[in-house]
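To start, the structure under review is shown below, and the notes come after it.
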Amino acid sequence: MNFIDRLGTELLFFDGAMGTMLQEQGLQSGELPEIWNDTKEEVILNIHKRYLEAGCNIVKANTFGINSFKLKDSGYSCEELTEKGIKLVKRAIAESKKEAYTALDIGSLGKLLEPLGELSFEEAYTSFQQVCIAGEQAGADLCLIETMNDTYEMKAAILAAKENTKLPIVVTMVLDENGKLLTGADMEAAVAMLEGLRVDALGLNCGFGPDVMKNFLPQLREVCSLPLVVNPNAGLPVVVNGKTCYHVGPEEFAKIMRKIALEGVSILGGCCGTTPAHIQALVQACKDIKPLEITEKNRSVVSSYTHAVLFEQKPKIIGERINPTGKSRFKQALREKDLEYIYKEALMQQEKGAHILDVNVGLPEIDEVEMMKEVVVGLQGITDLPLQIDTSDAIAMEMAMRLYNGKPLLNSVNGKQESMDTVFPLVAKYGGMIVCLTLDENGIPETAKGRIEIAEKIIKEAAKYGIKKKDLLIDTLTMTISTGQENAQITLEALHYVREVLEVHTTLGVSNISFGLPQREKVNTAFFTIALSQGLSAGIINPNSEAMMSAYYAYCALNGSDSQCTNYINLYSEAKQPNVMSSNNNEITLFDAVVKGLVESARQAAKKELKTRPPLAVIDEELIPALDQVGQGFEKKTVFLPQLLMSAEAAKAGFDAIKEHLKVQGDTSASKGTIVIATVKGDIHDIGKNIVKVLLENYGFQVIDLGKDVEPEIVVEAAKTNHVKLVGLSALMTTTVANMELTIQQLKKELPECKIMVGGAVLTQTYADMIGADFYSKDAMGSVRYANDLFDINN
Amino acid sequence: MINRKETLRYLGYLGQKIDEQTQKFIEEVEVELENSSSPKSIYREYNCDINGDTILIDGLVINSANLAKNLKECKHVVLLAATIGRAADMMIKKYAVTNLAKSVIVQAAGAAYIESYVDEIEETIRKYAKEQELYLRPRFSPGYGDFSLEYQKDIFAMLECSRRIGITLTEGNLMIPTKSVTAVIGLTTKERASCQKETCSQCEKQDCEFRQREIIMPCGVL
């Protein structure tokens, strides 16, 4: 019988530790155990046989550490060690005459993925792909992805296995003492993603002994609808005389594992410190147990890389602000690839209480696929909210789903056959909840009944792909009441029916209701409240609207989902005085606002100044003198670094107000000049570079920031295409100054006229001269002075 | 616990007046960082052999005159790795977008946090060592003096840093999360050879702006 048929219907047993056994046989700490597949195959073969004798029916091949990064200097290829590893298990099974399955064992790459690490998702995928293909070819029966502590890496491994093999996939994770992955993800988030990717079983391994692991299982069972796997250590590692030991003996191990089995799991086995004796005791203790039936938990859930958002009695807020429709400033940001503007929108909505962020970056004149990829990856680096991928471009949607670290919400599918044919396969493959618009080939039905019928059609079609009702979010479409008064009623009637009768969650783009009316917020708020009471599960709204958010919090207090009104009281008990700052600010001058580093005051003061003075005068007589004063203070060490930065940001707000003003007047006054800056290859420290950037911008330069760990070629390319005459390079480590020198050499060769300024903790004037830089800046203000001098002379 | 004085030192603080807003930002960052970080560490004791400038630690051969001097006559060493986790790096990225001053404060507070966390671990090791009448030499990390960063790879493999506590290495042997520390701590039988803690005043880089010096703190800063 094959593995999948037996999974969940009878208890299955993994073997125990490999590493522990190899250390006993003389494996040195730091030595790669997988090389023994070639050099000491008898040792490996014997260990497998001993576990088979002990009664396990799934044997992990000795392939855990095989990946292109760990094997780089080993002289072995991933393929050959994988093949040898699988073949050794198969030989052991054949020679022992046992019935057992061979698991291709895949561990972590030991590299951190983007955005924090340097490994891209696709590079991780490629590395896993090699091992998956080789493993299946050599005859593995299943793929075990284990000891995982990062959801993103898990996703890369799962996709590699799914797309390149037909093997069943089992995933086990390591938790810390708080029940979380090392990335901070909780179990709920990880399970949401894994179920969405349709793995065959999931569970826990390593980290703890069975006693501690047992405590995490109730929580896992509560959220998981898949067969569970439990592979604990033989207790916590203890170092005795330089050797790592584990103290839970076979009998004790088996006793606790029996309890775990009775509470409901499908596969049991062992990790570090467990031996054939542990597995034998485990099998003896548990073999008579029938696994409990696995129940469908029916949770409507999306997740980010840290947490899950559950659709339930308490409605959710989906922030709608990341969308260019009707927003000229946002369109401009997209055209200029001003991602920082988009990120600010994201963080602002999070601060205001959004639970999920809609992401729409479609604009006819830009490459939406590339922009979507970049924004999704970028947003995951700065916010932990789940994202709603909003696009009508199927390729953009698929790329975003692939790169998304979690289970996304998708926007959207509709009742058109073509739409369903395109989108549902993506949901089936990557997982996700999906917004379903109740329109089809015949347009938007003008009756509630018509919209309900489309909803039913979509539900039925989704089922063909194995997509359950719990993963749908039906949108009964908000139409403005300015063109038909019955519109609100139709939407609400259909909404109520979908939620109460069809028992599917619902969503609406709320603000459409008031299109064409004055003071739209008034209508929006009322409609939002009614919709919530009719069963709206999630409103797509602007969280920056105080009125909408108040309506939301009040509703939650009223419908009982805000327990004891705690949230409401916390938010509104202290009479908020949002205008105190700005009323005080009326008296503060732009100069003072910048010197004191007050961002909002500087913006207001600049706007006020612009009413009475020309923009250039505001810059020359207020902003620049204020910056100079703070900058000089910093150089004389009377002003402290954070204060300099606050002033810089206040000045930036002032400049933004001026730019906005100029644009309204159709004036596109040129910047002082363009400067390319970068932290050099190999270096991941970019704070110094970020400081330089904001100060240069303050003084009117346009700065092209290439980020950190930048290849010399990319710096040269950017300097060339933008015809810049100044490049700034930063390096913090002694080891990366060599790359700085390399970058300078390439720049000097390709662009002899271009000046190069350098800075960073380890640099000195002598060092800078040695590597051929034109200027060494000991701090951020130095770079401003140099740039000013250089561009003045050249003008 | 984050040591405020150390945070200020990493910010290049020289006793300037700290305004209300800066003070508030520092306090907010400390709270957020402590709430969202989960410090983790791993350490193991090994036998050690020193021959001239060559140090042998359980199969690992290190060539470094500075480390050899540090470990003089030690028969045992502890290899240690510790991290406060990814929260600091995520906060630095987030605040680089919304509030650069806070981003810089997280950088400094994160550095202060990992140092004090490693000090705590060292205290635990000190107690354990004392039971065996051994004393701790000042901890010494790859990158100090002529102790090459290349050895990070070996220390990572021996302690299983990535698997156990989630620290990874870049191509250039830098650690991510960035607020992480690896170190070698010699265990000596001579109490006098140990010292409580090596301060950065022993470093050769005299002109370093982060060099520890006595700063008179204005009231209310700490």
Fill in: Qualifying positions in segment A:153-174 - within 14 Å of another protein chain (Cβ to nearest Cβ) and surrounded by fewer than 24 Cβ atoms within 10 Å (Cβ to Cβ)
A:174
Response to the item:
Subset of segment A:420-435, residues more than 24 Å from the chain's Cα centre (by Cα) and within 16 Å of residue A:468 (Cβ to Cβ), comes to A:420
Worksheet item: Looking at A:338, A:367, which is the one that is without any contact (Cβ under 8 Å) to a residue 24 or more places away in the chain, exposed (fewer than 15 other Cβ atoms within 10 Å of the Cβ) and farther than 25 Å from residue A:652 by Cα?
Response: A:367
Worksheet item: Being part of a helix (DSSP H, G or I) and more than 23 Å from residue A:192 (Cβ to Cβ), is that true of even one residue in segment A:468-488?
Response: yes
Worksheet, complete the sentence: When segment A:181-213 is checked residue by residue, the ones that are of a type outside the set (S, T, N, Q) and in a strand (DSSP E or B) are A:186, A:201, A:202, A:203, A:204
Worksheet item: What do you reckon, is residue A:454 buried (at least 24 other Cβ atoms within 10 Å of the Cβ) and either at pLDDT below 95 or in contact with a His (Cβ under 9 Å, 6 or more places away or on another chain) (or both)?
Response: no
Response to the item:
residue A:198 passes all but one of the listed conditions (1) surrounded by 24 or more Cβ atoms within 10 Å (Cβ to Cβ); (2) within 20 Å of the chain's Cα centre (by Cα); (3) within 27 Å of residue A:468 (Cβ to Cβ); the exception is number (1)
Discussion item. So, in segment A:242-276, exactly how many residues are crowded, with 17+ Cβ neighbours inside 10 Å, of a type in the set (Val, Ile, Thr) and in contact with a strand residue (DSSP E or B) (Cβ under 9 Å, 6 or more places away or on another chain)?
Written reply: 4
Worksheet item: Within segment A:690-713, how many residues turn out to be surrounded by 21 or more Cβ atoms within 10 Å (Cβ to Cβ), acidic (Asp, Glu) and out of contact with any strand residue (DSSP E or B) (no Cβ under 6 Å at 6 or more places or on another chain)?
Response: 1
Discussion item. Looking only at strands (runs of 3 or more DSSP E) that lie completely in segment B:1-101, which have at least 2 residues being in contact with a Leu (Cβ under 7 Å, 6 or more places away or on another chain), touching a residue at least 60 places away in the same chain (Cβ under 8 Å) and within 12 Å of chain A (Cβ to nearest Cβ)?
Written reply: B:40-51, B:76-83
Practice prompt. Consider only pairs whose beta carbons are under 7 Å apart and that are at least six residues apart or on different chains; among these, list those whose first residue lies in segment A:387-413 and is surrounded by 24 or more Cβ atoms within 10 Å (Cβ to Cβ) and whose second residue is of a type in the set (Asp, Glu).
Written response: A:388/A:358; A:390/A:358; A:411/A:358; A:411/A:390
Discussion item. Quick test for you: out of A:304, A:300, pick the one residue that is surrounded by 15 or more Cβ atoms within 10 Å (Cβ to Cβ), polar (S, T, N, Q) and within 20 Å of residue A:113 (Cβ to Cβ).
Written reply: A:304
Discussion item. Being within 26 Å of residue B:162 (Cβ to Cβ), within 20 Å of the chain's Cα centre (by Cα), of a type in the set (A, V, I, L, M) and crowded, with 22+ Cβ neighbours inside 10 Å: is that true of residue B:80 here?
Written reply: yes
Response to the item:
Here the residues within segment A:23-56 that are polar (S, T, N, Q) and at pLDDT 95 or above are A:37, A:39, A:46
Worksheet item: If you check residue B:117 against the conditions, is it closer than 22 Å to residue B:143 by Cβ and either within 13 Å of chain A (Cβ to nearest Cβ) or in contact (Cβ under 8 Å) with a residue 24 or more places away in the chain (or both)?
Response: yes
Worksheet item: Would you pick out the residues in segment B:143-159 that are under 14 Å from residue B:60 (Cβ atoms) and out of contact with any Ser or Thr (no Cβ under 6 Å at 6 or more places or on another chain)?
Response: B:148, B:150, B:151, B:152, B:153, B:154, B:156, B:157, B:159
Discussion item. For segment B:171-189, give me each residue that is touching a strand residue (DSSP E or B) at 6+ places or on another chain (Cβ under 7 Å) and within 9 Å of another protein chain (Cβ to nearest Cβ).
Written reply: B:176, B:177
Worksheet item: For segment B:139-170, what are the residues that are facing chain A (nearest Cβ under 7 Å) and either part of a helix (DSSP H, G or I) or surrounded by fewer than 21 Cβ atoms within 10 Å (Cβ to Cβ) (or both)?
Response: B:149, B:154, B:157, B:158, B:162, B:163, B:170
Worksheet entry | Breaking point among (1) within 15 Å of residue B:12 (Cβ to Cβ); (2) modelled with pLDDT under 90, for residue A:644 | (2)
Worksheet item: How about segment A:288-364: which strands (runs of 3 or more DSSP E) wholly inside it have at least 1 residues that are more than 14 Å from chain B (Cβ to nearest Cβ) and more than 30 Å from residue A:222 (Cα to Cα)?
Response: A:316-322, A:356-359
Discussion item. Condition first: closer than 21 Å to residue A:168 by Cβ and not polar (S, T, N, Q). Now tell me which residues in segment A:67-87 satisfy that.
Written reply: A:83, A:85, A:86, A:87
Practice prompt. Evaluate segment A:719-727: report whether one residue or more is modelled with pLDDT under 95, more than 30 Å from residue B:106 (Cα to Cα) and in contact with a Ser or Thr (Cβ under 7 Å, 6 or more places away or on another chain).
Written response: yes
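If I ask for residues that are within 14 Å of chain B (Cβ to nearest Cβ) and either polar (S, T, N, Q) or in contact with a Phe, Trp or Tyr (Cβ under 6 Å, 6 or more places away or on another chain) (or both), which ones from segment A:599-639 would you list?
A:601, A:632, A:638
Does residue A:649 satisfy the condition of being within 9 Å of chain B (Cβ to nearest Cβ) and farther than 25 Å from residue A:763 by Cβ? Explain how you work it out, then say what you get.
Details: within 9 Å of chain B (Cβ to nearest Cβ): yes; farther than 25 Å from residue A:763 by Cβ: yes.
Answer is yes for this residue.
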Worksheet item: Can you tell me which residue in segment A:218-241 is nearest to residue A:273 (Cα to Cα), limited to those that are among the polar types (S, T, N, Q) and crowded, with 19+ Cβ neighbours inside 10 Å?
Response: A:233
Discussion item. Residues that are of a type in the set (Phe, Trp, Tyr) and in contact (Cβ under 8 Å) with a residue 12 or more places away in the chain: list the helices (runs of 4 or more DSSP H) wholly contained in segment A:696-792 that include at least 1 such residues.
Written reply: A:765-770
Fill in: Flag if residue A:90 is touching a strand residue (DSSP E or B) at 6+ places or on another chain (Cβ under 9 Å), charged (D, E, K, R) and closer than 30 Å to residue A:708 by Cα
no
Discussion item. Consider segment A:679-689. How many of its residues are at the interface with chain B (Cβ under 7 Å from one of its Cβ atoms), more than 14 Å from residue A:761 (Cα to Cα) and in contact with a strand residue (DSSP E or B) (Cβ under 8 Å, 6 or more places away or on another chain)?
Written reply: 0
Worksheet item: What are the residues in segment B:97-117 that are over 11 Å from residue B:179 (Cβ atoms) and among the hydroxyl-bearing types (Ser, Thr, Tyr), if any?
Response: B:98, B:103, B:116
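The values are calculated or read from the model by the stated rules, or taken from the named source; none is laboratory data. Here the structure is a predicted model, which is why all the values come from computation and not from measurement. Ideal geometry is used to build each Cβ from the backbone, glycine not excepted, and the neighbour counts take in all protein chains shown.
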